[in-house]
Amino acid sequence: MSGAPTPALERETMRKVTMRIVPFLMLCYFVNFLDRGNVAFAALQMNADLKFSAGAFGFGAGLFFVGYFVFEVPSNLILAKVGARRWIARIMFTWGICATAMAFVVGEKSFYVMRLLLGVAEAGFQPGIFFFLTLWFPAAYRARMLGLFFAAIPISGVIGLPISGFLLSLDGLAGLRGWRWLFLLEGAPAIILGPIFLYYIQDVPEQARWLAAEQRAWLAGRLAGEKNQRDARRVYSVFQALTDPWVLFLGAIYFTNVCLNNGVSFFLPTIVKSFGLSNIQTGFVAAIPSVCALVGVVWWGRRSDWKRERYGHAALATFLGGAGLLISVLVADPAARVAALALAVTGTLSFAPVFWTIPPSFLSGAAAAGGLAAISALGILGGFLAPWFVGSLKDMTGDFRYGLGAVAILGMAAAIALYWIGRGRDGAAIENAAEPHGAGAAHVR
């Protein structure tokens, strides 16, 4: 890159990149989270039909994350070699097939097998998207872009939960139970989006014909300059990234966040249903926390970019998530519980867009792909343990509150550790996050 870019060039380039990539990735993640979590709504009918206990359901729901964990790092290393475009398209197509096949489970064994296969098929999607975004967005833009991307999770709650409630009402259509229709119809979009991803997305800015030559040159130069800054401090091999103590610490922190997230999400419809509501009413009430989280996720990521601070933002978000979950188990009033769960979901999800800007601040290339996958894989174990733990305690005690309370305290403790240990590294986390050129550039939509 020769010469300094003008504020107008940076602003227009990032506007084009944002509008081209982010809405489509949000759609893909919306479908992803819908397929990953719709089992919670299916449980309202499926558990009775297939005679699942809360512990058996929690174990099966969590097996998704075992398959995800085992294949997470290999999947992302393959992605780094073959390119994000082809590999993510493959992931989406195969997870869509597995998500649809969930409609045909007939008992505990087939439920366990299909949840495990769904995790295997989807492994690498989330860290693969994170790695892909580092190839397109300079560090100063990443938290707000991740905030938009993660907004797909609460959107899947706002839109997806009522849809899931409605699909359960198709019970008996063509001789199928409503929960089978739910899996069939919600799994199909991923099968369609996989091939579209292959043709719509490019791997790197140099391949983007929809950017002007000057814009491609500026963006490629900016990203190369940031990579050189990281490599000047230390170049990590893939093995070093996978075994680095800081990577492992971040994986442990993410583990607690996933425990919080899945401790709530897999049992939220069942908790709300216990208020005496119909399936459709349950869908709308269960969507309330997602409405709150939608605002929080986008705003918190932007605030982190504006303040140029990462660890404090991530720690406070997950602490509030744990506090909200703890409050929800200490109060009895349904309205108060929903409000506390709204705080829990908002805090837990707002953690993610800030947290995932931290690993790329010291990792790049294949090491970044491996390190991101390692953190995600370590964290994703929480997706298995939390539903099983909460469900098993429910079977023993007759109440979800004991398991959810323990998960909440774990999340709050992790938030404190992240803040005190991580604050000294905040300079590295924002090393490339200099203010974008021009005031308007800092407000890319």
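Each value in this text was obtained by applying a stated rule to the coordinates, not by laboratory testing. Remember, predicted model here, so these are calculated numbers, not experimental data. Counting neighbours? That spans all protein chains shown, and the Cβs are built from the backbone with ideal geometry, glycine included.
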Over the alpha-carbon set of the stretch 251-401, work out the extent along each principal axis and list the three values in angstrom, largest first.
51, 33, 26
Quick one: grab the alpha carbon gyration tensor of the stretch 97-140, order the square roots of its eigenvalues as a ≥ b ≥ c, and give me rounded if a/c is under 1.5, else prolate or oblate depending on whether a/b is larger than b/c.
prolate
Output for the stretch 32-87: trypsin sites (Lys or Arg not before Pro) sitting in coil per DSSP, at most 13 other Cβ within 10 Å, listed by number, reads K51
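What's the extension gain from I196 to R86 if we count 0.36 nm per residue and subtract their Cα-Cα distance?
That works out to 38.5 nm of additional length.
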For the stretch 193-328, build the charge dipole from Cβ charges (+1 Lys, Arg; -1 Asp, Glu) around the Cα centre, then report which of L242, V258, W299 sits farthest towards its positive end.
W299
Environment charge at E214 (Cβ cut-off 14 Å; Lys +1, Arg +1, Asp -1, Glu -1)
+2
Taking the alpha-carbon centroid of each part, what is the distance from the stretch 166-187 to the stretch 5-23 in angstrom?
42 Å
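Show me the trypsin sites (Lys or Arg not before Pro) within the stretch 144-231 that DSSP assigns to loop and that have at most 11 other Cβ atoms within 10 Å of their Cβ.
Answer by residue number: R209.
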Cα-projected label distance for T243 with I159, points at 7 Å along beta-carbon direction, nm:
4.5 nm
Can you count the Lys pairs in the chain whose Cα atoms are under 30 Å apart, with each pair 8 or more apart or on different chains?
11
What does the charge count near S328 come to, summing +1 for each Lys or Arg and -1 for each Asp or Glu among other residues with Cβ under 13 Å from its Cβ?
0
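Please identify the helices of the chain, taking whole runs of DSSP H, that span at least 27 Å along their own axis as judged from the Cα atoms and have a mean Kyte-Doolittle score of 1.0 or higher.
Answer set is 54-82, 178-200, 245-265, 311-330, 334-355, 365-397, 401-422.
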FRET E, pair D49, I409, Förster distance 56 Å, beta-carbon r, rounded to 0.05:
0.95
